[in-house]
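Worksheet: one structure, shown below.
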Amino acid sequence: MTILLLGKNGQLGWELQRALAPLGTMVAVDFDECNFTEPAQIRNAVRTTRPAFIVNAAAYTAVDKAEHEPDLAHAINAAAPGILAAEAMRCGAWLIHYSTDYVFDGRGFEPRHEDALANPLSVYGRTKLAGEQAVQESGCQYLIFRTSWVFAARGGNFVKTILRLAGERDHLSIINDQIGAPTGAELLADVTAHAIRTAARRPEVSGLYHLAAGGEVSWHGYACFILETAGKLGIPLRTLPGNVKPIPTTEYPVPARRPLNSRLATHRLRDTFGLELPAWQLGVVRMLQELYEARS
């Protein structure tokens, strides 16, 4: 089987290169090899590869910056997936695509199911929803995985930001009224590999799934866990967990509105693919151990 991976150098793309390699021949590209804002280059990447599976890990993820660059965000998050889906339909390939909890408005306290009403609050959320819809309307076989709060040892993310700030400051103020599940790129990649194996023999699994680690936490609780774990590993810090002040979203204004409730119900994924998703803490500990070993 031939797999075309787009966005190979991102947090998720890097892990997908590892997880998908045993499945067959992989052709992996990034922006320098395929400009994801150029339809002709996207089509050419698919037509020259003739893959059985297209895995789209390319995305515009600068949530606040997207408010000022809506056209660029739309080109990458909405138009490009639509082109990939059309090409997948044309050549009989599957398309694997990733989306986000930001397609929801974050009302309420219950985990959102796949068929819950989408109502994004930001340009980023609206473009990701448009990408989902383009894939679904194309007629191709697809797997769309909505996820939340992605982190990895590679690239920038909340974990690395907290470690950097805690190494510079004595006190931190972190939002405590946004709730979600930190989800490792490693977990996303491993589930993707399992799902591709399943899809290759069971075409009926085509559809939209929520994919997030088990459990839930606020950004404040997440930050405290990071600092507690980092301290046990011997990573030098100035900020102790007790010096992390919880604050509401209203005290930390940013250009793009975030959903307060980012809980995602994952029953459909678990039942369809026979998986148990690990607690979010396990992935964070693994990442911190990897970072500590790299510093040692």
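The values are calculated or read from the model by the stated rules, or taken from the named source; none is laboratory data. The model shown is predicted, which means the values in this text are computed figures rather than measured ones. Cβ sites come from the backbone with ideal geometry, for glycine too, and all protein chains shown count toward neighbours. The area values use the complete protein model at the heavy-atom level, side chains included, leaving out ligands, DNA and RNA. Shrake-Rupley method; radii C 1.70, N 1.55, O 1.52, S 1.80 Å.
Scanning region 45-75 for residues that are in contact with a strand residue (DSSP E or B) (Cβ under 8 Å, 6 or more places away or on another chain), part of a helix (DSSP H, G or I) and farther than 18 Å from TYR98 by Cβ yields one hit, THR49.
Checking VAL191, VAL254, VAL217 one by one, the residue that is of a type in the set (A, V, I, L, M) and over 24 Å from GLY108 (Cβ atoms) is VAL191 and no other. Would you confirm whether any residue within region 65-73 is under 28 Å from MET26 (Cβ atoms), open to solvent by 20 Å² or more (accessible area, probe 1.4 Å) and not hydroxyl-bearing (Ser, Thr, Tyr)? Within region 65-73 (the criterion being under 28 Å from MET26 (Cβ atoms), open to solvent by 20 Å² or more (accessible area, probe 1.4 Å) and not hydroxyl-bearing (Ser, Thr, Tyr)), the answer is yes, since at least one residue qualifies. VAL27 meets each of the listed conditions (1) closer than 23 Å to PRO70 by Cβ; (2) assigned to a strand (DSSP E or B) apart from (1).
From the list GLY167, GLY180, which one is at negative phi and at pLDDT 95 or above? Exactly one of GLY167, GLY180 is at negative phi and at pLDDT 95 or above, namely GLY180. Hey, among ALA62, ALA57, which residue is surrounded by fewer than 20 Cβ atoms within 10 Å (Cβ to Cβ) and either among the hydrophobic types (A, V, I, L, M, F, W, C) or within 15 Å of the chain's Cα centre (by Cα) (or both)? Going through ALA62, ALA57 in turn, just one is surrounded by fewer than 20 Cβ atoms within 10 Å (Cβ to Cβ) and either among the hydrophobic types (A, V, I, L, M, F, W, C) or within 15 Å of the chain's Cα centre (by Cα) (or both): ALA62.
Let's see how each residue does on (1) open to solvent by 10 Å² or more (accessible area, probe 1.4 Å); (2) free of Cβ contacts under 8 Å to residues at least 60 places away in the same chain; (3) of a type outside the set (Gly, Ala, Ser); (4) part of a strand (DSSP E or B):
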{"residue": "ALA85", "(1), (2), (3), (4)": "no, yes, no, no"}
{"residue": "TYR98", "(1), (2), (3), (4)": "yes, no, yes, yes"}
{"residue": "GLU114", "(1), (2), (3), (4)": "yes, no, yes, no"}
{"residue": "ASN119", "(1), (2), (3), (4)": "yes, yes, yes, no"}
{"residue": "VAL135", "(1), (2), (3), (4)": "no, yes, yes, no"}
{"residue": "GLY139", "(1), (2), (3), (4)": "yes, yes, no, no"}
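Residues in region 8-24 that are touching a residue at least 60 places away in the same chain (Cβ under 8 Å) and assigned to a helix (DSSP H, G or I): GLN11, LEU12, TRP14, GLU15, LEU16, ARG18, ALA19, LEU20, PRO22, LEU23.
If the condition is being within 25 Å of PHE104 (Cβ to Cβ) and surrounded by 17 or more Cβ atoms within 10 Å (Cβ to Cβ), then region 235-246 contributes no residue at all. Only one entry in PHE53, PHE36, PHE109 is of a type in the set (Phe, Trp, Tyr) and closer than 17 Å to THR127 by Cβ, namely PHE36.
Take the residues in region 30-54 that are over 23 Å from PRO70 (Cα atoms) and of a type in the set (A, V, I, L, M, F, W, C), then tell me which one is surrounded by the fewest Cβ atoms within 10 Å (Cβ to Cβ). Top of the filtered list is ALA52.
Scanning region 214-234 for residues that are aliphatic (A, V, I, L, M) and open to solvent by less than 10 Å² (accessible area, probe 1.4 Å) yields ALA223, ILE226, LEU227, ALA230.
Test ASP105 against the stated conditions and say whether it is of a type outside the set (A, V, I, L, M, F, W, C), open to solvent by 20 Å² or more (accessible area, probe 1.4 Å) and over 14 Å from the mean Cα position of the chain (by Cα). It is true that ASP105 is of a type outside the set (A, V, I, L, M, F, W, C), open to solvent by 20 Å² or more (accessible area, probe 1.4 Å) and over 14 Å from the mean Cα position of the chain (by Cα). Would you be able to say whether some residue in region 6-21 is open to solvent by less than 50 Å² (accessible area, probe 1.4 Å) and more than 18 Å from the chain's Cα centre (by Cα)? No: region 6-21 contains no residue that is open to solvent by less than 50 Å² (accessible area, probe 1.4 Å) and more than 18 Å from the chain's Cα centre (by Cα). Hey, any hits in region 168-180 for a residue that's of a type in the set (A, V, I, L, M, F, W, C), assigned to a helix (DSSP H, G or I) and closer than 21 Å to GLU216 by Cα? No: region 168-180 contains no residue that is of a type in the set (A, V, I, L, M, F, W, C), assigned to a helix (DSSP H, G or I) and closer than 21 Å to GLU216 by Cα.
For (1) open to solvent by 70 Å² or more (accessible area, probe 1.4 Å); (2) among the hydroxyl-bearing types (Ser, Thr, Tyr); (3) modelled with pLDDT of 95 or more, each residue gets a yes or a no:
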{"residue": "ARG257", "(1), (2), (3)": "yes, no, yes"}
{"residue": "SER262", "(1), (2), (3)": "no, yes, yes"}
{"residue": "ALA265", "(1), (2), (3)": "no, no, yes"}
{"residue": "LEU269", "(1), (2), (3)": "no, no, yes"}
{"residue": "TRP280", "(1), (2), (3)": "no, no, yes"}
{"residue": "VAL285", "(1), (2), (3)": "no, no, yes"}
{"residue": "ALA294", "(1), (2), (3)": "yes, no, no"}
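Only one entry of ARG126, ARG90 meets the criterion of being assigned to a helix (DSSP H, G or I), of a type outside the set (Val, Ile, Thr) and buried (at least 19 other Cβ atoms within 10 Å of the Cβ), and that entry is ARG126.
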